[in-house]
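Worksheet: the structure to be examined is printed underneath.
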Amino acid sequence: MSDFGAASKDAADGEKHVDKDKELADNIAMLKEAGWSNPVPFNYETVTGGTAAPDETRNEAGWLANAAIYQWEDDYGDVGPRNDELERVLYHDADQMRAGNAIKALSFEVATYGPTQISPVREFADAGLHPAMLENIKSCLYVAPTPIQAYTIPAVLTGLDVVACAQTGSGKTAAYLIPVLSKLMGKARMLAAPRPGASRYNPATDRVRAEPLVVVVCPTRELACQIFDECRRLCYRTMLRPCVIYGGAPSRAQREQLEQGCDILIATPGRLADFMSNMNLLSFNRLKFTIIDEADEMLSTGWEDIIEKLFAGSDTNADADHTYLMFSATFPKEARRLAREYMDTDYIRIKVGRVGSTHQNITQQVVYVDESEKNQALWDLISSGPPQRTLVFVNTKAKCDIVDDFLFNKGLPSTSIHSDRTQREREDALRSFRTARTPIMVATGVSARGLDVANVKHVINYDLPSTQHDGITEYIHRIGRTARIGNDGLATSFYNNDRNDDIGEDLVKILLESKQVVPDFLQDKMPDNPETIEWHDGTDDDSEPEANGDADAGGFGGGFDSGAGAGDPSAGGLELNGDGWKPEEGFTADTEDKVNAW
């Protein structure tokens, strides 16, 4: 190239660079005027941009596994003294989930299957819970039981094995933690393994073997940490000591937590299998409750060896009082068949609404976007709306990085999370999203289940999941990240025939079921009879035994009645004052090596 040609090229490149800088500056000015915060550089060495708060720098942020818990002392009575500083951390976080005013949308018909009829509880105070649990429930601002809680609490308190299915954001985590922890409160001194008081613990001389009374297993690290957070709140001022173990974070710190004693263990499968191999560190000989969260995922291909090891551990307490609980929002028949292999013969199955359904608090809109136009459509969609926490789903890790870069370079405060990130990076990104420092997060299936962040107002399916990778099941979990526990939310999905034709029919059925608008380009996917939808997706109960009869006729209204003939969903229902419950959690992977991916 001649000197003249090279100079011309340099000049052209310079003009493009200037134009790009001007476009970015104009975008940032426009977005700032609309109320968006400035984009935050995220270089995965430290979170920078402005003056970072101490807990937002990579080197100073604590691991989620090391979050503060109530420290019990030997000389306490049944309930320990208050700790004002810890209460502020546990119960008064500005970013904590609160129930919304649209809670009635979670009113579904409830059916129970099994030899025992369950009478639902209408008030926590009427459930026979331990006084310390009632205090903690009040501090969490849980006002009244959700449908899944109303039936699960009495079932667990009476010692039954339970398989429970309910919609995303309906309170499943609290549904199992409240009765399990309440049953152990007051008995912990008798049941728990000996351990020194917190104030005199010396790691050189006082280390003990962890012998949990409860183990909760879930498929992802972020979900494990969220369950641990909920457990910290519900165990407050009691002897019960929760711990969480998950991959990616330093195992030494987690071992040190276990060596101080552990009554409630929340774990991901890979790290649990590692620790179970060390009998001096972890033993299940005192175990009373085994809980599988997101059970359909845990019983799917990729987890079999670990689940077998968990249920057949050589030192697991096999007493008749050992209780198994399984929870999920979706539960295909194959997963239900496997569940029955592990459960007691008289287990109770609780089903809230149709298994695999969603609710009307999520406004679903599907827009036609050619693959090449998705970036522009995403920018137009986000920039034209109000500033709000927005979760963008894509199907691959590479696309996750590309879309995050695109949004950041357009001036939007975005971050991203996927399974190729280190655990520190994942926790940094989630912390930044949760605190709205970067209110837009691009994610793969690592966040499709269980991500529980307050005030996520918009979920965008940049890529719809294909039927080869859980299809409509993952769609349900994805959109369930918004409109949780009685709040409203929007879910927008980009659709085109080239990539999404396989999910079209199932998508239309979900739109019809939840009374959403079916766009013109999907009219050819409409079922023959829109009023009577045949699912044929493995999540419906075509061959289930008949449900139990009405446990308390007319008692709940709003679809809370038990059994085949439930009440009118539009009648009665719950009346809340805007405060409320905590939600549930969960996930899916874009790889068959699930143990390492999650």
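In summary, ALA210 fulfils each of the numbered conditions (1) within 16 Å of LEU310 (Cα to Cα); (2) in contact with a Cys (Cβ under 6 Å, 6 or more places away or on another chain); (3) open to solvent by 20 Å² or more (accessible area, probe 1.4 Å) with the single exception of condition (3). When the stretch 282-297 is filtered for residues that are more than 14 Å from TYR342 (Cβ to Cβ) and either of a type in the set (Asp, Glu) or open to solvent by 10 Å² or more (accessible area, probe 1.4 Å) (or both), the ones remaining, listed by number, are ASN285, ARG286, LYS288, ASP293, GLU294, GLU297.
Among the residues of the stretch 68-85, are any open to solvent by less than 50 Å² (accessible area, probe 1.4 Å), assigned to a loop (DSSP other than H, G, I, E, B), at pLDDT 85 or above and β-branched (Val, Ile, Thr)? Yes, the stretch 68-85 contains at least one residue that is open to solvent by less than 50 Å² (accessible area, probe 1.4 Å), assigned to a loop (DSSP other than H, G, I, E, B), at pLDDT 85 or above and β-branched (Val, Ile, Thr).
Out of everything in the stretch 513-536 that is hydrophobic (A, V, I, L, M, F, W, C) and out of contact with any strand residue (DSSP E or B) (no Cβ under 6 Å at 6 or more places or on another chain), what residue ends up being surrounded by the fewest Cβ atoms within 10 Å (Cβ to Cβ)?
Residues of the stretch 513-536 that are hydrophobic (A, V, I, L, M, F, W, C), as a first pass: 517-518, 521-522, 526, 533, 535.
Still in the running and out of contact with any strand residue (DSSP E or B) (no Cβ under 6 Å at 6 or more places or on another chain): 517-518, 522, 526, 533, 535.
Values: VAL517: 12, VAL518: 17, LEU522: 18, MET526: 14, ILE533: 16, TRP535: 19.
Going through the qualifying residues, I end up with VAL517.
Test LYS104 against the stated conditions and say whether it is charged (D, E, K, R), at pLDDT 90 or above and either open to solvent by less than 30 Å² (accessible area, probe 1.4 Å) or under 23 Å from the mean Cα position of the chain (by Cα) (or both).
On the way: charged (D, E, K, R): yes; at pLDDT 90 or above: no; either open to solvent by less than 30 Å² (accessible area, probe 1.4 Å) or under 23 Å from the mean Cα position of the chain (by Cα) (or both): yes.
No.
Annotation note: Cβ proximity below 8 Å between a residue of the stretch 135-162 that is open to solvent by 10 Å² or more (accessible area, probe 1.4 Å) and a residue that is polar (S, T, N, Q) and assigned to a loop (DSSP other than H, G, I, E, B) (sequence gap 6+ or interchain) occurs for VAL143/ASN577; PRO154/SER119; THR158/THR116; LEU160/THR116.
Just to confirm my filter: which strands (runs of 3 or more DSSP E) fall fully inside the stretch 325-439 and include at least 1 residues that are in contact (Cβ under 8 Å) with a residue 40 or more places away in the chain, out of contact with any His (no Cβ under 9 Å at 6 or more places or on another chain) and open to solvent by 40 Å² or more (accessible area, probe 1.4 Å)? Even if it seems obvious, please write down each step before you answer.
Details: elements: 348-352, 362-368, 389-393, 414-417.
Ranges flagged: 362-368.
Annotation: GLU230 fulfils all but one of (1) in contact with a Lys or Arg (Cβ under 8 Å, 6 or more places away or on another chain); (2) in a loop (DSSP other than H, G, I, E, B); the unmet one is (2).
Quick one: would you say ASN136 is modelled with pLDDT of 95 or more, of a type outside the set (Val, Ile, Thr) and either touching a Phe, Trp or Tyr at 6+ places or on another chain (Cβ under 7 Å) or within 26 Å of ARG434 (Cα to Cα) (or both)?
On the way: modelled with pLDDT of 95 or more: yes; of a type outside the set (Val, Ile, Thr): yes; either touching a Phe, Trp or Tyr at 6+ places or on another chain (Cβ under 7 Å) or within 26 Å of ARG434 (Cα to Cα) (or both): yes.
So ASN136 fits the description; yes.
The single condition among (1) out of contact with any strand residue (DSSP E or B) (no Cβ under 7 Å at 6 or more places or on another chain); (2) within 27 Å of GLU425 (Cα to Cα); (3) surrounded by 23 or more Cβ atoms within 10 Å (Cβ to Cβ) that ALA224 does not meet is (1).
Taken over the stretch 163-194, the criterion of being among the basic types (Lys, Arg) and open to solvent by 10 Å² or more (accessible area, probe 1.4 Å) is satisfied by LYS183, LYS187, ARG189. Scanning the stretch 347-389 for residues that are modelled with pLDDT under 95, over 21 Å from LYS457 (Cβ atoms) and of a type outside the set (Gly, Ala, Ser) yields TYR347, ILE348, ARG349, ILE350, LYS351, VAL352, ARG354, VAL355. Of all residues in the stretch 447-488, those being hydroxyl-bearing (Ser, Thr, Tyr), closer than 22 Å to GLU505 by Cβ and in a loop (DSSP other than H, G, I, E, B) number 2. Selection of the stretch 459-488 for residues being open to solvent by 10 Å² or more (accessible area, probe 1.4 Å) and within 16 Å of the chain's Cα centre (by Cα) yields THR473, GLU474, ASN487.
Selection within the stretch 266-281: residues that are surrounded by 19 or more Cβ atoms within 10 Å (Cβ to Cβ) and small (Gly, Ala, Ser). The member of this set that is modelled with the highest pLDDT is ALA267. Pairing residues of the stretch 19-39 that are more than 15 Å from ASP380 (Cα to Cα) and in contact (Cβ under 8 Å) with a residue 12 or more places away in the chain with residues that are β-branched (Val, Ile, Thr) and in a helix (DSSP H, G or I), at Cβ distances under 8 Å and at least 6 apart in sequence or on separate chains, gives ASN38/ILE28; PRO39/ILE28. Filtering the stretch 235-252 to residues that are within 25 Å of the chain's Cα centre (by Cα) and open to solvent by 30 Å² or more (accessible area, probe 1.4 Å) leaves GLY248, PRO250, SER251.
On the given criteria, is ILE510 closer than 23 Å to ALA491 by Cβ and either at pLDDT below 80 or open to solvent by 20 Å² or more (accessible area, probe 1.4 Å) (or both)? For ILE510, the condition - closer than 23 Å to ALA491 by Cβ and either at pLDDT below 80 or open to solvent by 20 Å² or more (accessible area, probe 1.4 Å) (or both) - is not met.
I'd like the full set of residues that are charged (D, E, K, R) and under 20 Å from SER447 (Cα atoms), limited to the stretch 368-407. Hits for the stretch 368-407 are ARG389, LYS397, LYS399, ASP401, ASP404, ASP405.
The values are calculated or read from the model by the stated rules, or taken from the named source; none is laboratory data. This is a predicted model, so every value here is computed, not measured. Every residue, glycine as well, gets a Cβ built from its backbone with ideal geometry; the counts of neighbours run over all protein chains shown. When the accessible area is computed, the model is the full protein with side chains, heavy atoms only, and any ligands, DNA or RNA have been set aside. Shrake-Rupley method; radii C 1.70, N 1.55, O 1.52, S 1.80 Å.
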